[in-house]
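Beneath this line is the structure, given in structure tokens, with notes to follow.
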Amino acid sequence: MANTNHFMKLALAEARSAGARGEVPIGAVLVLDNAVIAKAGNRTRELNDITAHAEIAAIRIACEALGQERLTGADLYVTLEPCTMCAAAISFARIRRLYYGAEDPKGGGVDNGVRFYRQPTCHHAPEVYSGIAERDAADILRKFFQLKRQED
């Protein structure tokens with residue numbers, strides 16, 4: 001966990017890149033054995049794909065790179081609390097630890113909403129650490145939506 005802040009900084013950079021592309025600024029970084037194996041930001045608008053959230057994109061990239069469907073032992077750093085869809089993907093991929101920045105009271109599925117990992121039907125729950133670079137992650141989102149409101 002010594003590089004937690006370093007990996008979250010990479011996720012924040014992915015979030016900023018996503019925002020610059022007009023996507024909701026969320027970034028994710030997947031780490032295995034202290035090495036980055038995938039980085040991604042949201043691409044739902046670019047790809048016209050509602051499932052192209054940063055977490056799922058990073059999982060897809062990592063699985064392709066490793067030639068496997070499971071990411072046992074991997075850690076995921078994401079700037080916003082994952083939604084229920086992403087929480088399920090994280091569970092199915094058997095990710096070991098989830099680190100996230102800002103909570104998402106409206107759309108989160110980990111510590112808010114359905115609290116996916118606390119359900120008896122959840123087969124694998126990662127260790128969850130919240131609040132990592134929370135202020136930076138929240139500021140990126142806040143500024144993005146302020147600019148969007150000004151444009152409208």
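The values are calculated or read from the model by the stated rules, or taken from the named source; none is laboratory data. The structure displayed is predicted, hence computed values, not measured ones. Every residue, glycine as well, gets a Cβ built from its backbone with ideal geometry; the counts of neighbours run over all protein chains shown. Calculation scope for accessible area: heavy atoms of the full protein, side chains included, ligands and nucleic acids excluded. Shrake-Rupley method; radii C 1.70, N 1.55, O 1.52, S 1.80 Å.
Summary table
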item: Every pair of residues 6+ apart whose Cβ atoms lie under 6 Å, when the first sits in the range 61-80 and is more than 24 Å from A102 (Cα to Cα) and in contact (Cβ under 8 Å) with a residue 24 or more places away in the chain while the second is part of a helix (DSSP H, G or I) and open to solvent by 10 Å² or more (accessible area, probe 1.4 Å); result: E69/C63
item: In the range 90-122, the residues that are in a helix (DSSP H, G or I), in contact with a strand residue (DSSP E or B) (Cβ under 9 Å, 6 or more places away or on another chain) and open to solvent by 10 Å² or more (accessible area, probe 1.4 Å); result: Y117
item: Breaking point among (1) of a type outside the set (G, A, S); (2) touching a helix residue (DSSP H, G or I) at 6+ places or on another chain (Cβ under 7 Å); (3) surrounded by 15 or more Cβ atoms within 10 Å (Cβ to Cβ), for E69; result: (3)
item: Of residues in the range 36-59 being among the aliphatic types (A, V, I, L, M) and without any contact (Cβ under 8 Å) to a residue 12 or more places away in the chain, the one nearest to A13 (Cα to Cα); result: A52
item: Count of residues meeting criterion [out of contact with any Lys or Arg (no Cβ under 6 Å at 6 or more places or on another chain) and among the acidic types (D, E)] in the range 10-53; result: 3
item: Residue match in the range 126-134 (condition: on the phi < 0 side of the Ramachandran plot, assigned to a helix (DSSP H, G or I), open to solvent by 30 Å² or more (accessible area, probe 1.4 Å) and touching a residue at least 24 places away in the same chain (Cβ under 8 Å)); result: yes
item: Residue selected from the range 32-51 under the condition in contact with an Asp or Glu (Cβ under 7 Å, 6 or more places away or on another chain) and either of a type outside the set (D, E, K, R) or open to solvent by less than 30 Å² (accessible area, probe 1.4 Å) (or both), by the criterion farthest from L98 (Cα to Cα); result: T44
item: Any hit, the range 141-149, residues being in contact with a helix residue (DSSP H, G or I) (Cβ under 7 Å, 6 or more places away or on another chain), surrounded by 19 or more Cβ atoms within 10 Å (Cβ to Cβ) and without any contact (Cβ under 8 Å) to a residue 60 or more places away in the chain; result: no
item: Residues satisfying the stated conditions in the range 76-96, i.e. closer than 14 Å to H124 by Cα and not hydroxyl-bearing (S, T, Y); result: C86, A87, A88, A89, I90, F92, A93, R94, I95, R96
item: Among residues of the range 15-31, those that are free of Cβ contacts under 8 Å to residues at least 60 places away in the same chain, open to solvent by less than 40 Å² (accessible area, probe 1.4 Å) and either out of contact with any strand residue (DSSP E or B) (no Cβ under 6 Å at 6 or more places or on another chain) or not hydrophobic (A, V, I, L, M, F, W, C) (or both), counted; result: 3
item: Any chance A133 is farther than 16 Å from P25 by Cβ and in contact with a helix residue (DSSP H, G or I) (Cβ under 7 Å, 6 or more places away or on another chain); result: no
